Each structure stands twice: as structure tokens, then as C-alpha cells.
Amino acid sequence: MSSKQNQTGSPDGGLVLEKEPKTKKPTLYRVLMLNDDYTPMEFVVMVLQRFFGHDLESAQKIMLHVHQRGIGVCGIYAYEIAEAKVNQVTQFARQNEHPLQLQLEQE
Ligand code: TYC
């Protein structure tokens with residue numbers, strides 16, 4: 001057998017290279033936050049830090065954007081995670097008697 005061959009007799013050992021990689025990227029969703037007239041700014045900033053992992057500066061920036069423009073992006077996640085964030089934050093806001101609303105949007 002030549003040094004370039006192996007037991008299958010072909011140079012690549014019969015290896016079939018996949019045309020497509022087996023891993024597929026998940027469809028991503030934006031978690032959007034809506035403005036309202038009642039939820040305190042400090043509460044929104046705290047939510048952005050606690051549930052979406054933003055630091056204080058980033059959370060304040062997003063909160064002000066939503067306050068001024070009416071809507072903004074909290075984060076981008078696979079569907080199950082995005083949906084869980086919406087449910088957790090909505091529950092937390094209602095427990096604290098705030099009308100804060102979130103939406104999902106496919107990227
Ligand atoms: N508009 C609210 C206020 O003036 C603050 C606010 C910001 C509420 C962002 C919701 O998603 C929101 N207290």
C-alpha cells in the first residue's frame with residue numbers, strides 16, 4: 001500500500017465530507033420592551049440588569065431609549081429563552097403592580 005493510501009484504498013479513508021454542517025443555528029428573537037406612563041424608570045433599569053445582564057450604564061441607556069422612542073431591544077435569544085424572559089419579567093412586573101410590557105420579534 002502506498003504511504004498516501006490506507007485500508008479502504010482511497011486517500012481519504014472513505015470519509016464522506018458533509019456538504020452542510022450538522023449544527024443548525026437557532027432562529028433568534030428580539031425581546032422588545034414597550035414604554036408606558038406608569039412603570040418607574042428605576043424598576044425598568046433594574047429589570048434590564050437582573051433579567052438581561054446589562055450593566056448600569058447600558059440599562060439606563062436602553063430605558064431612556066424606550067422612554068423617548070416608545071420601544072427598544074432588551075436582548076436577542078433563541079425562542080425558548082426569549083419567551084422565558086418575557087414570562088419572567090411580566091410576572092415580576094405584575095407582582096410589583098407595574099404595567100410593563102414586552103414583545104417578541106423574530107430577527
Ligand atoms: N415612561 C416611564 C416613566 O416615565 C419609564 C419607562 C421606561 C417605562 C421604559 C417603561 O419600558 C419602559 N416612568
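Some notes on this structure:
- Sites listed here are GluC sites (Glu not before Pro) in segment 50-101 whose DSSP assignment is loop and whose Cβ has at most 13 other Cβ atoms within 10 Å: Glu97.
- The simple Förster model, with R0 at 25 Å and r as the Cβ-Cβ distance, assigns His65 and Arg94 a FRET efficiency of 0.60.
- Restricting the chymotrypsin sites (Phe, Trp or Tyr not before Pro) of segment 14-99 to loop positions (DSSP other than H, G, I, E, B) with no more than 12 neighbouring Cβ atoms within 10 Å leaves Tyr38.
Every number in this text was worked out from the coordinates using simple rules, so none of it is lab data. Just so it is clear, the structure is predicted and the values come from calculations on it, not from any experiment. Positions of Cβ are generated from backbone atoms using ideal geometry, with glycine treated the same way; all protein chains shown enter the neighbour counts.
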